[in-house]
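Report on the following structure.
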Amino acid sequence: MAADMLELLSEHACFGGMQRFYSHPSSAIGLPMRFSVFVPAQAAAGKLPALVYLAGLTCTEETFMVKAGAQRVAAELGMILVTPDTSPRGAGIEGEAQDWDFGVGAGFYVDATEPPWRAHYRMYSYVLELVALVTAQLPVDAARLGIFGHSMGGHGALVLALRNPGLFRSVSAFAPICAPRRCAWGRKAFSGYLGSAEAAWQQYDASALMASRQAPFPGGILIDQGLADKFLADQLFPEAFEQACGQARQPLRLRRHAGYDHGYYFISTFVEDHIRFHAAQAVGSSIN
């Protein structure tokens, strides 16, 4: 199968559009990868803005589409939704499925440089490959792309947006890992995938990246964080990103919500706000 060939695995009518699941051979990963796409009915008339969602630890390309309830508002607004898997599958690396927070389901959206992970665990490059693929093969307007994500995927969304501001017009996140060099999840992933030289980790740390930039997203960034999130104090560090945004003069709306935890009940509550935020950014409106 050619690298740009999509295999349709299944499709389901949804809010007047189609929810589809695909497989394709990935050049970045060197293995087949799966992703999901919701295409609203408006695509019949031409290309539409698209929103890439990066899921968190242990999730797949299906998790967001099944649990978040995002298709209804995406159908209303004419937004395509794209969700990749969270890691390679079937790389055959000894112990890759041993830990829930490293290896399978935990690619961390980095390009591994350490053996044996560097051959296949290249999720940063894979997201960029997937964006190019869906732009070429599906009715996606390349000039109107946004990216968002949850937890590990929120980390990935912030990093990919900050490193590719010309590609992504907008970025938001749910409970992102904002300073992975400071938390156990990030340090475990980075040391395993990138090695012990911490200087190499900075390129995948959203707070460090933001601190070295100057208002890369003048239309604003939206982050939602639950205050009942058990990972908030030790793993997420939204205050570090908030401080970096202040230093970079980056407009940020960091909303803190009492009673909400880290899961999809939280995400489904606020996902409409995020899709409307990205839709407004796609037509040039700001966060304020």
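The values are calculated or read from the model by the stated rules, or taken from the named source; none is laboratory data. Keep in mind it's a predicted model, so treat the numbers as computed, not measured. All Cβ positions, glycine included, derive from the backbone under ideal geometry; neighbour counts span all protein chains shown. SASA here: full protein model, heavy atoms, side chains in, ligands and nucleic acids out. Shrake-Rupley method; radii C 1.70, N 1.55, O 1.52, S 1.80 Å.
Miscellaneous remarks
- Condition met for Asp234 (of a type outside the set (Ser, Thr, Tyr) and more than 12 Å from Cys178 (Cα to Cα)): no
- Filter result for Arg255 (open to solvent by 40 Å² or more (accessible area, probe 1.4 Å) and either in a strand (DSSP E or B) or among the small types (Gly, Ala, Ser) (or both)): yes
Yes/no matrix, rows are residues, columns are (1) in contact with a strand residue (DSSP E or B) (Cβ under 7 Å, 6 or more places away or on another chain); (2) surrounded by fewer than 22 Cβ atoms within 10 Å (Cβ to Cβ):
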position	(1), (2)
Met123	no, no
Val127	yes, no
Gln137	no, yes
Ala142	no, yes
Phe148	yes, no
Gly156	yes, no
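- The number of residues in region 258-275 that are assigned to a helix (DSSP H, G or I), crowded, with 16+ Cβ neighbours inside 10 Å, out of contact with any His (no Cβ under 9 Å at 6 or more places or on another chain) and not acidic (Asp, Glu) comes to 3.
- Test: residue in region 1-23 that is in contact with a Ser or Thr (Cβ under 8 Å, 6 or more places away or on another chain), over 21 Å from Ala161 (Cβ atoms), among the charged types (D, E, K, R) and surrounded by fewer than 16 Cβ atoms within 10 Å (Cβ to Cβ): yes
- Only a single criterion out of (1) closer than 16 Å to Asp101 by Cα; (2) in contact with a helix residue (DSSP H, G or I) (Cβ under 6 Å, 6 or more places away or on another chain); (3) surrounded by 21 or more Cβ atoms within 10 Å (Cβ to Cβ) is not satisfied by Trp201, namely (1).
- Residue satisfying all of: in region 167-185; in a helix (DSSP H, G or I) and surrounded by fewer than 24 Cβ atoms within 10 Å (Cβ to Cβ); nearest to the chain's Cα centre (by Cα) among these: Trp185
- Any hit, region 55-78, residues being part of a strand (DSSP E or B) and among the aliphatic types (A, V, I, L, M): no
- Only listed residue being open to solvent by less than 20 Å² (accessible area, probe 1.4 Å) and under 19 Å from Ser125 (Cβ atoms), chosen from Pro88, Pro49: Pro88
- Of the residues making up region 140-166, those that are in a helix (DSSP H, G or I), in contact (Cβ under 8 Å) with a residue 60 or more places away in the chain and not hydrophobic (A, V, I, L, M, F, W, C) are Gly153, Gly154, Gly156.
- Scanning region 17-64 for residues that are over 21 Å from His262 (Cβ atoms) and either touching a Cys at 6+ places or on another chain (Cβ under 8 Å) or of a type in the set (Ser, Thr, Tyr) (or both) yields Tyr22, Ser23, Ser26, Ser27, Ser36, Phe38.
- Comparison of Ala2, Ala44, Ala68 shows that the only residue that is modelled with pLDDT of 95 or more and more than 15 Å from the chain's Cα centre (by Cα) is Ala44.
- Counting only residues that are among the aliphatic types (A, V, I, L, M), more than 20 Å from Val140 (Cα to Cα) and buried (at least 16 other Cβ atoms within 10 Å of the Cβ), region 52-72 holds 3 of them.
Here is a yes/no grid of residues against (1) in contact with an Asp or Glu (Cβ under 8 Å, 6 or more places away or on another chain); (2) within 18 Å of Phe270 (Cα to Cα):
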| site | (1), (2) |
| --- | --- |
| Ala13 | no, no |
| Gly16 | no, no |
| Arg20 | yes, no |
| Ser23 | yes, no |
| Arg34 | yes, no |
| Thr63 | no, yes |
| Lys67 | no, yes |
| Gly78 | no, no |
| Asp85 | yes, no |
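- Among the residues of region 29-42, those that are farther than 17 Å from Ile275 by Cα and either open to solvent by 20 Å² or more (accessible area, probe 1.4 Å) or in a helix (DSSP H, G or I) (or both) comprise Gly30, Leu31, Pro32, Arg34.
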